[in-house]
Amino acid sequence: MEQRRRRLTLTHYIFIGMALGILLGFLFPDSKRDIHGGWSASDLKLLSDLFVRGIKMIIAPILFATLVMGIAGHGDDLKKVGRLAFRSILYFEIVTTIALIVGLVAVNIVRPGDNPRLTSAIQAAEAAGGPPQLAQPKGFADHVRDVVPTSFIDSMASNNVLQIVFFSILFAVALTQVKGRPKEAILGFCEGLAETMFKLVGIIMRFVPVGVGAALAVTVAHSGLAVLLPLIKLVLTLWAALIVFVLIALLPVALIARVPILAFLRQVREPAVIAFSTTSSDAALPLAMQRMEAFGVPRRIVSFVMPTGYSFNLDGTTLYLALASVFVAQAAGVELTLGTQLAMMGTLMLTSKGVAAVPRASLVILSGTLAAFNLPLAAITVILAVDELMDMARTTVNLVGNCLATCVMARWEGEFTPGIPAGPAELADVEMVASEERAIAGLQQTHP
């Protein structure tokens, strides 16, 4: 029995936690508490929140330390950094454009909004006062302005990933111009900070099964299964479209970049499960960075591409926004011409870049798109009923897409070594073993 328990990996414990969470949510739904009083599985939200907050508290230190080390600590010239940035943005734009096209094609073929019950639900929501209060969507100038932080401390406190990346890159560029002991002191601090934070990731990961199980228990207890009936077609359309996107976009990209598929899936499975169950890319970010580095992607590429991708390469969210926007028009009985749909996709191409990597942030972008094309904002109230189920799938695709992006950029830079850990300590061990083997070979040649 003890030997069998030791064979269980973290992935096994995560799936056990997921199963228990779903069971608790089914047995103790909110509806039963509303009628009879007492306890509901939604009360487990505290455990889920504590886990997510524990992950988020280490994101800023990891990003800052790894970016500074990657740019200033390995002798990279600024042209190399600029080339990586250009290639990353180019790749992000191509892949997210494909995601928009897949979402647009899927919603026009399946037409999940053609349902009189949905039209009635939207009309009832409008009569009841419209959608819940959401933050105002931002324009292009606002997105550009928000890249530059007014305070780095405030950016860290709010976990604004793009601002942290921007400041860290500028700080690292400035550090490359510093010589002697001051530079060595900063680099030594950042190296120690990064290694310590990754050890902290390992400690927090011990609580993943509890956090994941609690998150799913809350979801099932709150939403139940009956809420799916009028919107089941929308949920299934999104999930099917995401699968198609993975097969026609991400899989060919992985094959072209010569990424070992099975080995890649083994590395991303645990971060993907965390993203799926918590519906937050932020919650999976530290572990995903650690796994990609262990997979053979250099730290400087992981620390730049992955956090940047959370603002520019949200493939699942981009596909969802395209599908949801046209779905609302269908449910409201508004026929959109091809030109209007293409204009809508152009709007989403710009506005989706500012989606925060947190649950439900995409609804802000969706509300802005609906308002821009005179579609009923009250439809958001209807979509909210199943948004968490859709958020699970799109967040998982976001996470997998960004992990793949690090591998693609590493291959493009000629620095991808699948299966060979790229962290400093691990690389040192590999180099030490290689040097010992060379020394033994030399001795054998000298003394046959």
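The values are calculated or read from the model by the stated rules, or taken from the named source; none is laboratory data. Please read all numbers here as calculations on a predicted model, not as lab measurements. As a convention, Cβ positions derive from the backbone with ideal geometry for all residues, glycine included, and neighbour counts pool all protein chains shown.
Some observations on this one:
- V95 being at pLDDT 80 or above and part of a helix (DSSP H, G or I): yes
- Residue in segment 294-301 that is touching a residue at least 60 places away in the same chain (Cβ under 8 Å), assigned to a helix (DSSP H, G or I) and within 18 Å of I203 (Cα to Cα) present: yes
- Each residue in segment 167-193 was checked for being touching a helix residue (DSSP H, G or I) at 6+ places or on another chain (Cβ under 7 Å) and within 29 Å of R145 (Cα to Cα), and 10 of them qualify.
- Residue satisfying condition, being surrounded by 14 or more Cβ atoms within 10 Å (Cβ to Cβ) and modelled with pLDDT of 90 or more, within set A283, A241: A241
- Of all the listed residues (R258, R266, R291), the sole one being assigned by TED's automatic domain parsing to the domain that holds D114, on the phi > 0 side of the Ramachandran plot and more than 13 Å from the chain's Cα centre (by Cα) is R258.
- Some residue of segment 260-278 being buried (at least 21 other Cβ atoms within 10 Å of the Cβ), modelled with pLDDT under 85 and more than 23 Å from S88 (Cβ to Cβ): yes
- Check on F276, farther than 23 Å from V52 by Cβ, assigned to a helix (DSSP H, G or I), of a type in the set (F, W, Y) and in contact (Cβ under 8 Å) with a residue 40 or more places away in the chain: no
- Of the candidates D146, D142, D76, D154, the single residue that is of a type in the set (D, E) and modelled with pLDDT of 80 or more is D154.
- Residue check, E270 in a helix (DSSP H, G or I), over 29 Å from S48 (Cα atoms) and not polar (S, T, N, Q): no
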